[in-house]
There are 2 protein chains.
Amino acid sequence: MVDPSVTAPETGTDSSVWVAERAQLNTQHVETIPFSALSGWDFDPGTGDLRHHTGRFFSVRGLRVRGAGEGAVPEWWQPVIDQPEIGVLGILAKRFDGVRHFLMQAKVEPGNVNGVQLSPTVQATRSNYTRVHRGTPVAYLEYFAGHRGRVLVDVLQSEQGSWFLRKRNRNMIVETDAEVPVHEDFRWFTLDEIRTLLRRDNMVNMDARTVLSCLPGSHGATARAGGASGAGQAFTASLAALSPAAGSAHSMTEVLSWFTEAKAWYGLTAGVVPLTGLPGWHRTSTEIAHDEGGYFRIIAVDVTAPHREVPRWTQPMLAPTSRGLLALLYRTIGDVPHFLVQARAQQGSLDALEIGPTVQCSPDRYRELPPEDRPPYLDHTLTLAARSPDRIRYDHVQSEEGGRFFAAENRYLVAEVEADFPVEAPSRFCWVTLGQLKELLRHSYYLNIEARTLVACVESLG
Amino acid sequence: MVDPSVTAPETGTDSSVWVAERAQLNTQHVETIPFSALSGWDFDPGTGDLRHHTGRFFSVRGLRVRGAGEGAVPEWWQPVIDQPEIGVLGILAKRFDGVRHFLMQAKVEPGNVNGVQLSPTVQATRSNYTRVHRGTPVAYLEYFAGHRGRVLVDVLQSEQGSWFLRKRNRNMIVETDAEVPVHEDFRWFTLDEIRTLLRRDNMVNMDARTVLSCLPGSHGATARAGGASGAGQAFTASLAALSPAAGSAHSMTEVLSWFTEAKAWYGLTAGVVPLTGLPGWHRTSTEIAHDEGGYFRIIAVDVTAPHREVPRWTQPMLAPTSRGLLALLYRTIGDVPHFLVQARAQQGSLDALEIGPTVQCSPDRYRELPPEDRPPYLDHTLTLAARSPDRIRYDHVQSEEGGRFFAAENRYLVAEVEADFPVEAPSRFCWVTLGQLKELLRHSYYLNIEARTLVACVESLG
């Protein structure tokens, strides 16, 4: 245990070395198994839904989706993960020598391609949370459920709207002055240290990324003299100290109106249907898959993780069939960087749509299609990435939630477009500043999880 | 037609006289009929849901509700109105001689106890809205669907969470400099004129109240020297020029955290079930009613309204069985008025709960119950209203939406509590300033419709 004084914690090792060490200690073995080898999970005889016999955790159900508005797919079906409970993703903060540190956990999840990733202090379900007064197995939960400390962030945010049905978690950051014991697999990190890890592949998990994206006023706060390229430096310097409205092309009232208008036009309606007989999908002994092989598969895994509280278990997981591209393009408008975001309808969203990055898709799915059927800006982004490395500010692979998604990796890209890139955009798109995105992040369900990861990526460039 | 110049419109008559005149011209006759006499509406043979044969308008379905958290009713069933489309409630604004005016409509609705009430410029369904480019029968819709003018307000807000399933409408105010023809049944009103009517019973309809509650920065803007009592004057003077955080007992971060915490603890889950066989409810030839006679009834009406586009039609309506009490208590904390609001779980809410007034219930339902089973602050409010008229700032009966609800009247009350009224409140309650409520109203689904009406009522006291 580290001495819990107010002086900087003696962590002993470089942060990335520490994560690598934890990975060596926290080994796990994950094997795909037939559904019949799942323990405690069954297909409901009536609906065919895949669920735990206790009703806990989550279930896999069917979803019928109907599109609305121009260009929408009129109707489709898909499996979806239903996990209605609100969990807590909490990061504990504390100042040492005046510098804010964050208590992060090295956590192994079965879906992680590389085992251990940096996670929030606490990832707790509602069941953990409501039991806190009766003693809880979740370390540090008392800071989040018990109101011990100053709340810096406390907001519900959605998760993958393509795979989850109206899933949301409570994103929290609580700052304490108390003495905090540092348990095994935990370590205090500065924001700089976390951001350095975020500029590598698969080191900072999705839950940590979303919570950190909600931290107010953090952009530019750690701007450094070296490291970034000249263009990157100018970029992050101009992001520093941005108030929400400073130099923005659109006022907040206009941005909010654009979002409301999009909801009125582009809403999807989604309703739960039985998983059995879902049109376009079939079930074998080992997977539920799309008849044409795309999108994702529902599989079952057997997990052995000797260092976790439950050393062995089985569970279903969602395994995407290809890597997604999440790209945020930006350009300066009146000397201020503006990011091109889209109002994106997602079937699992609580209220039809949220704000996503410029490009959010699986490029593989569009390879054979003519340009007019490909998502806007996809081709431009791929060309930029291939031919203009000097315009790429961020280009890393990050994992989605490793407790539900199997080897779900996406390419996250931040790129500066050419000076003659058109400011005019289709009505589903809008140019906004980082300050405006941060202001929206004070509230629920504006930015989707992919956009929140990209906000964290942009902020890592300081 | 009124001359559409920039000088103050010559409306010719006092605003309340004008409404009364319109009421005389816009007569209607509403008669309850058996369900079998409905034209175009049928009970679905499978589910028993009551719906229009075109699938348009709305349907009456069954809802199964499960409570969560301390004190919650564990489970109940009820009919619910399902109207998934997003409509537009739009008020057109224009300055005459520098004074902002609002174009209001005198509109008759079958559920109104008094026929005509003051309504927004436009109440349009999505079907109206999406047809706007092909020519629309809805006057003035082009200002809202066509982006003609400056947007002052554009936000989705929920409607009655006890009676509607996830219903929301787009609340808009658009200001124009164009020449605007004034059609029959329309008239330009100043904010003062509308607020004067709001200080009477059943003159300003629900749709107008919710839209006006979202108008930013309007409190105190029209403070007048006379009219209100001394205490009322001091009250409204101290509301003037309040920024969201000015003098508030809790920061916005704390208020948002309180709301998030409540969602994590008190969420309801609600799922649609067949209307046929709904436990605790029964259907006769003329009504769907609760077995014990409470809550509300679903009825059918025949409407004759010679001056409306469709002069005669039939439709189902929801008729509450008793009058509700919506009360907002306030006291000064550090010289600033603070309102006591609650995080209120409602079965039809999109995300489990919204912020409601201090008291929101049908007092009749609790008359026979012991004090500990009555809602917090109900007894205190009733005693205040009966014995301390000097503490009552607002006490009027207002109607809920007359297109869906039959004779649904509620008593709206704003009262100042005694100086020794405890600041400590149950965790579901929070003291907030008017500035904070107005800041929350920039975003969707914070304040429920009842709280929004009360914000409009408080602002009418200027």
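Annotation: amide H of B:F164 within the under-5 Å range of B:I81, sequence separation 5 or more or interchain, hydrogens built in the peptide plane. Summarising the amide proton neighbourhood of A:L152: residues at separation of 5 or more, or on other chains, whose placed amide H is nearer than 5 Å comprise A:I173, A:V174, A:E175. Report the relative contact order of chain B, percent, no decimals, based on alpha-carbon pairs under 8 angstrom and at least 6 residues apart. That works out to 21 percent. Can you count the Lys pairs in chain B whose Cα atoms are under 23 Å apart, with each pair 8 or more apart or on different chains? Lysine pairs meeting both conditions in chain B amount to 6. Phi angles across the range B:163-176 convert, under the Karplus curve 6.51 cos²θ - 1.76 cosθ + 1.60 with θ = phi - 60°, into 3J(HN,Hα) values of 10, 9, 8, 6, 6, 8, 10, 8, 8, 10, 10, 10, 9, 10 Hz, Gly and Pro given as x.
Applying the Karplus relation 6.51 cos²θ - 1.76 cosθ + 1.60 with θ = phi - 60° to the range A:334-342 yields 3J(HN,Hα) values of x, 6, 10, x, 10, 9, 8, 10, 10 Hz, where x marks Gly and Pro.
Based on DSSP H segments of at least four residues, each scored -39500 (n - 2.57), the protein assembly as shown has a per-residue ellipticity at 222 nm of -5500 deg cm²/dmol. Ligands, DNA and RNA excluded, the heavy atoms of B:D373 present near 90 Å² of accessible surface to a 1.4 Å solvent probe.
Evaluated at q = 0.20, 0.25, 0.26 Å⁻¹, the base-10 log of the normalised Debye intensity for the range B:360-425, with identical point scatterers placed on the Cα atoms, takes the values -0.96, -1.19, -1.21. Evaluating 6.51 cos²θ - 1.76 cosθ + 1.60 at θ = phi - 60° for every residue in the range A:89-105, the Karplus couplings come out as 10, x, 10, 8, 10, 7, 8, 10, 6, x, 9, 5, 10, 10, 7, 10, 10 Hz, glycine and proline recorded as x.
For B:D351, the amide hydrogen comes within under 5 Å of no other amide hydrogen, counting only partners 5 or more places away or on other chains and with H modelled in the peptide plane.
Taking every alpha-carbon pair under 8 Å whose residues sit at least 6 apart, the range A:397-451 reaches a relative contact order of 18 percent.
Using a ≥ b ≥ c from the Cα gyration tensor of the range B:292-372 (square roots of the eigenvalues), is it rounded, prolate or oblate, where a/c under 1.5 gives rounded and otherwise the larger of a/b and b/c decides, a/b for prolate? Taking the square roots of the gyration eigenvalues as a ≥ b ≥ c, the range B:292-372 is prolate. Rounded, prolate or oblate: which fits the range A:410-461 when a ≥ b ≥ c are the square roots of the eigenvalues of the alpha-carbon gyration tensor, with rounded for a/c under 1.5 and prolate only if a/b beats b/c? Oblate.
Using only side-chain charges placed at the Cβ, +1 for Lys and Arg and -1 for Asp and Glu, the dipole size of the range B:27-97 relative to its Cα centre rounds to 220 debye. Each peptide in A:59-66, A:210-217 gets a packing score, the mean of other Cβ atoms within 10 Å over its residues, and the list from highest to lowest is A:210-217, A:59-66. Think of each Lys and Arg Cβ as +1 and each Asp and Glu Cβ as -1; about the Cα centre, that makes the dipole of chain A roughly 700 debye. Here, P(r) means the percent of Cα pairs in each 10 Å bin from 0 to the largest distance; for the protein assembly as shown it is 2, 11, 20, 24, 21, 14, 6, 1, 0.
The values are calculated or read from the model by the stated rules, or taken from the named source; none is laboratory data. Values in this document were obtained by computation on a predicted structure and should not be read as measured data. Every residue, glycine as well, gets a Cβ built from its backbone with ideal geometry; the counts of neighbours run over all protein chains shown. These area figures cover heavy atoms from the full protein model, side chains too; ligands, DNA and RNA do not enter into them. Shrake-Rupley method; radii C 1.70, N 1.55, O 1.52, S 1.80 Å.
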